[in-house]
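So the structure is just underneath, and the comments pick up after that.
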Amino acid sequence: MAVDVNQRRAPAAIEQPGRLKRLSRSKGMMSLWFMMPAATILLLFLAYPLGLGVWLGFTDAKIGRSGVFIGLENYAWLFDDPVFWLAVFNTFLYTVVASIVKFGLGLWLALILNHHLPFKAILRAVVLLPWIVPTVLSAIAFWWIYDAQFSIISWTLVKLGILTEYIDFLGDPANARASVIAANIWRGIPFVAITLLAGLQTIPQSLYEAAVIDGASPWQRFRYVTFPMLTPIIAVVMTFSVLFTFTDFQLIYVLTRGGPLNATHLMATLSFQRAIPGGQLGEGAAIAVSMIPFLLAAILFSYFGLQRRRWQQGGSD
């Protein structure tokens with residue numbers, strides 16, 4: 001009997017390492033191992049700072065002092081802060097205007113580049129230049145373009161007799177808002193154009209041929225073929241465009257540092273000003289945390305765009 005029991009247990013003992021070996025070779029385990037480095041980086045450099053920022057928003061921490069828990073006092077104080085609400089208004093104005101213009105010009109540029117043009121590869125490379133150039137260098141270039149005394153725009157308009165004096169681009173609140181929006185548009189158009197161009201090239205030409213046979217005009221082909229097929233790409237592109245614009249910091253900080261009279265302060269720049277130069281880490285963190293609901297709304301916009309893509313491919317919503 002003892003011999004029979006041992007003989008029965010031996011195959012199980014031999015089979016167990018084989019199961020572990022097959023499990024380690026499975027696609028799920030391999031995917032998990034490959035994801036570990038990226039997940040570790042995300043936890044260290046994204047999840048931890050986000051959690052720390054949320055915690056600091058509930059404290060009265062200052063530079064050099066950890067602070068104590070004060071609940072929602074920072075948020076209550078911000079609710080009555082007119083500078084904070086001005087920054088919120090500036091952020092939404094900056095994001096909405098810049099994103100709409102970037103989308104319109106980017107789509108127009110993508111449609112042009114999608115045609116058979118001479119030197120098409122060179123043109124696409126040139127279009128990418130504003131996106132490739134570091135943001136700080138772009139901001140310095142625009143700082144010279146908008147200079148109150150040496151602006152090339154003002155000089156040209158004065159020489160042409162259109163103006164009699166130079167434009168105060170960054171010294172007047174309205175001009176400063178328009179100037180930073182224009183700089184952001186110039187920098188963001190290439191991203192929208194190239195991404196939409198990639199989407200345009202995935203649309204089957206047979207759809208256009210069928211539309212031409214049915215007598216569709218160019219506008220009808222765009223409305224009923226191009227735009228519906230681009231909708232998922234547009235959702236993702238606009239989501240990233242809104243995220244990049246809403247959280248913009250470098251361009252504003254180099255050009256105006258939030259001035260004049262806080263007219264160009266965004267929530268990101270105001271958060272930095274209150275937290276680092278001002279020393280109020282808790283207050284600055286609270287301003288940064290206040291941006292999260294708007295960013296989540298932009299992510300949900302992308303999610304519903306991807307759901308529409310599943311519907312187009314025959315899946316269920």
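The values are calculated or read from the model by the stated rules, or taken from the named source; none is laboratory data. None of these values were measured; they are calculated from a predicted model. In this analysis, Cβ positions are derived from the backbone assuming ideal geometry, glycine residues included, and neighbour counts consider all displayed protein chains.
Odds and ends about this structure:
- Filtered residue count, region 109-123, keeping only those that are surrounded by 16 or more Cβ atoms within 10 Å (Cβ to Cβ) and either over 25 Å from the mean Cα position of the chain (by Cα) or at pLDDT below 90 (or both): 2
- Verdict on SER154 being of a type in the set (Ser, Thr, Tyr) and either under 22 Å from TYR253 (Cβ atoms) or without any contact (Cβ under 8 Å) to a residue 12 or more places away in the chain (or both): no
- Residue count for region 48-75, restricted to those that are surrounded by 12 or more Cβ atoms within 10 Å (Cβ to Cβ) and among the small types (Gly, Ala, Ser): 4
- Of the helices (runs of 4 or more DSSP H) lying entirely inside region 74-179, the ones with 1 or more residues being hydroxyl-bearing (Ser, Thr, Tyr) are found at 82-113, 135-145, 152-159.
- Cβ pairs under 8 Å, 6+ apart, first in region 237-256 and charged (D, E, K, R), second at pLDDT 90 or above: ASP248/TYR94; ASP248/ASN184; ASP248/LEU266; ASP248/ALA268
- Selection over region 152-199 of residues that are of a type in the set (A, V, I, L, M) and within 20 Å of PHE240 (Cβ to Cβ) gives a count of 11.
- Condition check for PHE142: assigned by TED's automatic domain parsing to the domain that holds ARG187 and either surrounded by 15 or more Cβ atoms within 10 Å (Cβ to Cβ) or touching an Asp or Glu at 6+ places or on another chain (Cβ under 6 Å) (or both): yes
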